[in-house]
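No lab work stands behind these numbers, since they all come straight from the coordinates. Not measured: the values here are computed from a predicted model. In this analysis, Cβ positions are derived from the backbone assuming ideal geometry, glycine residues included, and neighbour counts consider all displayed protein chains.
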Amino acid sequence: MSSSSGVYDAILATEKEFMATFSQGNAAGISEFYSESGQLMPPNSDVLTGKPAIQAAFQSFMDMGVKAMNLDTLEVEGDGDIAYEVGKYTLEAEGGQAVDQGKYVVVWKQEAGQWKLHRDIFNSSLPASE
């Protein structure tokens, strides 16, 4: 890791809040973790830009029965106001049943002293359903 542990620790702390906010079913709160020009790039979808579109996407995940999102950070590197993170995720339904697992890359950007998700792309590691 070429960055200071401070960036790593700050991003992990933000992610912990992100996961807690998701488990509360708070899609509006989730959108606030993104930068002003944040983009979410979910699988099988166009790029979603801006907090309203990101909020709607997370609301749809919640409406599909996803109750928890567990993020496992594998790598964080940063320089100045930009950092990137590579990790794995698991989405859980009621009772902790895993409904999806995959990997992600996030470009983080510091805005007003806070690390925000700026570019967020993820995709499933499960085989495509026929």
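Quick notes on this one:
- Legend: ranking of residues V7, V47 from fewest to most surrounding C-beta atoms inside 10 Å; resulting order V47, V7.
- Exposure proxy ranking, count of Cβ atoms within 10 Å, fewest first, for L91, L71: L71, L91
- Fewest-first sequence of F22, F61 by Cβ atoms within 10 Å of each Cβ: F61, F22
- Residue with peak Gaussian network fluctuation, the chain [Cα springs, cutoff 10 Å], from V107, V86, V99: V99
- Percent RCO, i.e. relative contact order, over the range 5-123, from Cα pairs under 8 Å lying at least 6 residues apart: 25
- In the chain, the DSSP-assigned H stretches of four residues or longer account for a calculated mean residue ellipticity at 222 nm of -9000 deg cm²/dmol, using -39500 (n - 2.57) per stretch and the full residue count as denominator.
- Legend: P(r) of the range 5-123 from all alpha carbon pair distances, 5 Å bins from 0, whole percents, reading 2, 12, 22, 27, 22, 10, 4, 1, 0.
- Proximal aspartates and glutamates to K116, defined as alpha-carbon separation beneath 14 angstrom and excluding residues fewer than eight positions away on the same chain: D9, E15, E17, E32, E36, D81, E85
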